[in-house]
1. Pairs under 9 Å by beta carbon, first residue part of a helix (DSSP H, G or I) in region 244-259, partner basic (Lys, Arg), six or more apart or different chains?
2. Any idea which of (1) open to solvent by less than 10 Å² (accessible area, probe 1.4 Å); (2) within 18 Å of Tyr121 (Cα to Cα) is the one Gln267 doesn't satisfy?
3. Keeping to region 67-88, report how many residues are assigned to a helix (DSSP H, G or I) and surrounded by fewer than 18 Cβ atoms within 10 Å (Cβ to Cβ).
4. Please work out if Lys116 is more than 21 Å from the chain's Cα centre (by Cα) and open to solvent by 30 Å² or more (accessible area, probe 1.4 Å).
5. Just name the residue that is farthest from Lys116 (Cα to Cα) out of those in region 145-163 that are crowded, with 22+ Cβ neighbours inside 10 Å and among the small types (Gly, Ala, Ser).
6. Starting from region 59-72, take each residue that is closer than 10 Å to Cys37 by Cβ and list its partners that are assigned to a helix (DSSP H, G or I) and open to solvent by less than 40 Å² (accessible area, probe 1.4 Å), counting only C-beta distances under 6 angstrom and pairs at least six apart or across chains.
7. May I ask you to list pairs of residues, at least six apart or on different chains, whose Cβ atoms are under 9 Å apart, with the first in region 169-185 being under 25 Å from Asn25 (Cα atoms) and the second being in a loop (DSSP other than H, G, I, E, B) and open to solvent by less than 10 Å² (accessible area, probe 1.4 Å)?
8. Can you name the condition, by its number, that Met135 falls short on among (1) outside any helix (DSSP H, G or I); (2) modelled with pLDDT of 95 or more; (3) closer than 30 Å to Lys81 by Cα?
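The values are calculated or read from the model by the stated rules, or taken from the named source; none is laboratory data. Not measured: the values here are computed from a predicted model. Please note: Cβ atoms are built from the backbone with ideal geometry, for glycine as well, and neighbour counts cover all protein chains shown. The protein model used for the area step is the full one, side chains on, heavy atoms only, and it has no ligands, DNA or RNA in it. Shrake-Rupley method; radii C 1.70, N 1.55, O 1.52, S 1.80 Å.
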Amino acid sequence: QITSLVRRAALTQNDNYFNYEKAHNFKVHTFRGPHWCEYCANFMWGLIAQGVRCSDCGLNVHKQCSKYVPNDCQPDLKRIKRVYCCDLTTLVKAHNTQRPMVVDSCIREIEARGLKSEGLYRVSGFTEHIEDVKMAFDRDGDKADISASIYPDINIIAGALKLYFRDLPIPVITYDTYSKFIEAAKISNPDERLEAIHEVLMLLPAAHYETLRYLMIHLKKVTLHEKENFMNAENLGIVFGPTLMRPPEDSTLATLNDMRYQKLIVQILIENEDVLF
């Protein structure tokens, strides 16, 4: 609980600048004309592939220097071509927000007009309309209009939010923490299981933790309207388990074996969001 409070304090201490750590995304680059390394300030020799460039912020360094550059990438919005399929930390750093604005926009819309909608998150919206919402976010960012006048069916907005999570190159519950969450879910003692899940939550990157926290607070609100929407924590766990977590190796067998634990993890996160986050 104390570590959770410390994490929360760290996330909210400066609302204007969210200092989430992010590694550079270096790719080999051929520079035209003379170029100097921005880490060691020495000349980059050669005619081709003289060094590497971060495709998110544009930092140019020697390949050998890239190993020593700190995880201080500050992505440039001009380089972020899309919102969907973009690394979560990269997107929030580029927009200087706590969470991806897609998550904020969709949840705001759903809570304004969809909490009592029967089968919320389970009923699918039209695929082409969900794709339209995705294109609107990619094109217009936080200016995308997802209001009822354009998308009266709230299932389209819910579908667009689920699609955002599915399209992430690294899931909200990261590949690095996946097996630890599954192991925690297998603990039979409820108190020990909760403690183990809390410890693994602390291992998530800050942007992933904050996104998960915000989503779980929202899903808890959804369960409060279960009489109207018929969606309890278990039902939401079935929907969001495979959406928020995927095994690192693309194995159908592993996915099938883990499905009940994926569901259980999300169910526990929703039911205990006030204690866990």
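1. Within 9 Å, the pairs are Thr255/Arg246.
2. Failing condition for Gln267: (1).
3. So in region 67-88, the residues assigned to a helix (DSSP H, G or I) come out as 67, 77-79, 88.
This time we only want the ones that are surrounded by fewer than 18 Cβ atoms within 10 Å (Cβ to Cβ), so: 67, 77-79.
Residues flagged as assigned to a helix (DSSP H, G or I) and surrounded by fewer than 18 Cβ atoms within 10 Å (Cβ to Cβ) within region 67-88 amount to 4.
4. On the way: more than 21 Å from the chain's Cα centre (by Cα): yes; open to solvent by 30 Å² or more (accessible area, probe 1.4 Å): yes.
In short, yes.
5. Only one residue tops the list, namely Ala160.
6. Going by the 6 Å Cβ cut-off, there are no qualifying pairs.
7. Listed pairs, sorted by first residue: Val172/Leu204; Ile173/Leu204; Thr174/Leu204; Asp176/Leu204; Thr177/Leu204; Tyr178/Pro171.
8. (1)
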